[in-house]
Amino acid sequence: MAQLNPQESATDQGAGLASARPAHSKRCRRRRRVGIMGGTFDPIHNGHLVAASEVAWVYDLDEVVFVPTGRPVFKLDREVTSAEDRYLMTVIATASNPKFTVSRVDIDRPGVTYTIDTLRDIHAMRPDCELYFITGADAVAEIMRWKEANQMWSLARFVAVSRPGYSSSLKGLELPAHTVDMIEIPALAISSTDVRKRAARDMPVWYLVPDGVVQYINKHGLYRGKPRRSRGSGQS
């Protein structure tokens, strides 16, 4: 086991990310690289999109697949907006970026689902690709509690994205060597929780989420009343 060593952030030490990129250049590899951005996306916001874009640049990814969860296993005691609404908002938010796609693999899978299922399914669909699972630093702090956690490392490399200053709370976390990298993303100061609270109070959420998502929230009245329950599936 080895300690998690956060990468230098783009904002605090710009050379950190720039110097990391040559190691991942197309000249040094043969296989297609695919990022997997899993999340509840309730709603998806600009922080998610910036994080995916930054990771795609650093690791020279050919594609980033956004995977909205069904019913997140660590949120079983909370109300979650319907999977279809979260999926459609994710499609709207990612439509303008040719590197971004959206998968229904989690919301269409029956029963409770976990990250290990997501990785196995996408690996089966893209067996010749190198997979990079993009997740939040707060999730990494709990990663060894995830179902079949020890089986995940052979399926994908993990990239933990965090808001500035958060990485210090993960120092000393023991994970298998060379399995998790960390990148600080300033836009992650935006949170889905804050967006939901603002929408519930009829406060503006423009520029926190993509314009199309603002319109979808307004059209369907999301977050202003009791949210519709998602299906009975989840992810950790």
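The values are calculated or read from the model by the stated rules, or taken from the named source; none is laboratory data. In this text the structure is predicted, and so the values were computed from the model without any measurement. No Cβ is skipped: glycine too gets one built from the backbone with ideal geometry, and neighbour counts run over all protein chains shown. With ligands, DNA and RNA removed, areas are computed over all heavy atoms of the protein, side chains included. Shrake-Rupley method; radii C 1.70, N 1.55, O 1.52, S 1.80 Å.
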Compare the Cα positions of LEU208, MET144, ILE134 along the charge dipole of segment 130-220 (+1 at Cβ of Lys, Arg; -1 at Cβ of Asp, Glu; about the Cα centre) and return the one farthest towards the positive end. LEU208
Starting from 0.36 nm per residue, how many nanometres of slack lie between ASP121 and THR101 once their C-alpha separation is accounted for? 5.6 nm
For MET37, list long-range residues whose amide hydrogen, built 1.01 Å from N in the peptide plane, is under 5 Å from its own amide hydrogen. VAL65, PHE66, VAL67, ILE134
Residue by residue through segment 193-203, what is 3J(HN,Hα) from phi via Karplus (6.51 cos²θ - 1.76 cosθ + 1.60, θ = phi - 60°)? Round to whole Hz and write x for glycine and proline. 4, 5, 4, 4, 5, 5, 5, 5, 9, 6, 8
Once fully extended, how much extra length lies between ARG145 and ASP108, figured as 0.36 nm per residue of separation less the alpha-carbon to alpha-carbon distance? 10.9 nm
Residue-normalised accessible area of segment 88-223, expressed per residue, 1.4 Å probe, Å²: 48 Å²
Residues whose modelled amide H sits under 5 Å from the amide H of PHE100, counting only those 5 or more places away in sequence or on another chain, are VAL64
